[in-house]
1. Wrap a convex hull around the Cα atoms of the stretch 1-156, take a quarter of its surface area, and give that in square nanometres.
2. How far apart, in nanometres, would the label points at Gln285 and Ala268 be if each is projected 7 angstrom from Cα along the Cα-to-Cβ direction?
3. Which lysines, on any chain, are close to Lys347 with Cα under 29 Å apart, when same-chain ones fewer than 8 places away are left out?
4. Once you have the Kirkwood Rh of the chain from its Cα pairs, apply Stokes-Einstein at 37 °C and 0.692 mPa s and quote D in µm²/s.
5. Report the per residue volume, in Å³, of the convex hull enclosing the C-alpha atoms of the stretch 270-373.
6. What does the charge add up to near Asp433, with Lys and Arg as +1, Asp and Glu as -1, over the other residues with Cβ less than 14 Å from its Cβ?
7. Test of understanding: what is the full-extension gain from Thr220 to Leu53, defined as 0.36 nm times their sequence separation minus their Cα-Cα distance?
8. With a cap of 10 neighbouring Cβ atoms within 10 Å, and only residues DSSP puts in a loop, list the trypsin sites (Lys or Arg not before Pro) found in the stretch 189-286.
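A short reminder: the numbers here are calculations on the coordinates, not readings from a lab. Because the structure is a prediction, the values reported are computed rather than measured. When we count neighbours, we look across all protein chains shown, and the Cβ atoms used for this are built from the backbone with ideal geometry, even at glycine.
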Amino acid sequence: MRIVEVAMEFAPIAKVGGLGEVVVGLSRELTRLGHDVAVIIPKYDFIHLDLNLEIPDFVSFEHGNPVSNAMWSTEIEGCHLHLLEAHHPANYFNRGKIYGYEDDVSRFLYFSRAVVEYLKLQNEPIDVVHLHDWHVAAIAPMLKDLSELNVKRIVLSIHNAEYQGKCAARDVEAVGLPASDKMQDNDPKYPKTINLLKTGIVYADAVVAVSPSYAQEILTPFAGYGLDPTFQQHKGKLSGILNGIDLELWNPSKDPHLSAKYTVQQIAAAKRKNQQAVELRFGLQGQGKPWVGAVTRLVPQKGPGLIEEALQQAVHEGAVFALLGSSPVPGIQHRFEQLREKYKGHKQVLIHLEYDEALAHQLFASLDFHLVPSLFEPCGLTQMIALHYGTLPIVRATGGLKDTVFDLEDASVPENKRNGFVFEAPTHHALADTLRRALKFWHEEPTRYQSMIQHGMKLDFGWKTPAQQYLKVFQGLS
Ligand code: ADP
């Protein structure tokens, strides 16, 4: 099949969260299976790679004016990657970051239109154009209504329905897409608002939510964020496919970021060595103590209040707590900066409020328990990464967390599926009980703890199965 993947992220060179990892993991696996996969992302100024100039100059449009672009390409992470360089006067992709600008809608709509112009230039039949999230969802109507391109199927993956790209009709019209009723948001208070995610759902031939549970949850107001009626209406083309983790990016026996690499047999000694490296770097003392922590974006979805409470409790109970996270929300960032001040010099607390890929890997290898207390979680990769690195997840039962983590004491699931700790209510009380259970388990059942972490490492969270499921959707078989 000839497959075109379009997204704003591609790990590790342009990654903010799970999206970039999914794009690389799925594309790599599809390529391995013999498909012709092209990935298209913007050429951000922070990407420094040896690139080939594929097309020096081609034109796209904004407000009826021609804007020049170049397309660069390279082979990376086993994928054909194409990077679109926009010679736009507003420097859309030369700003140091992927998201977080006031004109994000215009930036992503511009990119979407330019991708369509590029595909038109190529003028080759395409089996599947696979779009990721609201940022590029407008490509669906552009392909259907504005181009004669031979595209058999358009598939939209939804990584997070909270982010929808709401804008004005003039925004889509700026890139030559006539606004229509079908694109309008469901909120009756703002009937003229255009909703780009909704647009993608309406126009795509198939819609994939990133876990089976999330595919159910978005049918309800709790996770649909106002689009639940739209998901209901298009239920027939909606499915849920659990993301994989990319086993090249995440492989503890080869991971260049680890102080001690390890296999299943070497986990116990390696965990301590990795902890020692963290202790040395940050002045901690964690010998003989359980290590709890979280690697996460600090946004409301991830339960920052619960993370804070878990931190206080873990320290109170004599554990180490290591938090690696950063927040685009000033109030949350400020709160964690206060906590960092409060625990400055504390030998059991690490609060590192940065994006740090290497430290993330080192922490997944060092922690005993990785906390994911999300209020909702479309799929979540960190619980799977944690298990793969021999760290037991403590999660709230929602979305993909519910599909991947099963409580050690849950008699309703077979024993060989149980792999972590799960709590239901998003409350301090429920989390506190579960954290206490986990710490007790670590202290009182060291042999079983060791066998559980080894069991977790052997679970298969790779892309083989999900890629087959995607292929079925691509072929229109599910
Ligand atoms: P989301 O995409 O909602 O952020 P996921 O669990 O799907 O959540 O993916 C998060 C990814 O981002 C994981 O690979 C995690 O290790 C990484 N990550 C999150 N915060 C940081 C950080 N501060 N530094 C390094 N990596 C991070």
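1. Its average projected convex-hull area is 8.5 nm².
2. Going by the 7 Å Cα→Cβ label model, 2.5 nm.
3. Reachable lysines: Lys261, Lys271, Lys273, Lys289, Lys302, Lys440.
4. Stokes-Einstein gives a translational diffusion coefficient of 141 µm²/s.
5. Residue-normalised Cα hull volume stands at 85 Å³.
6. Once all neighbours under 14 Å are counted, the net charge is -1.
7. Result for the pair: 55.5 nm of gain on full extension.
8. Counting only loop positions with at most 10 other Cβ atoms within 10 Å, the trypsin sites (Lys or Arg not before Pro) in the stretch 189-286 are Lys189, Lys192, Lys254.
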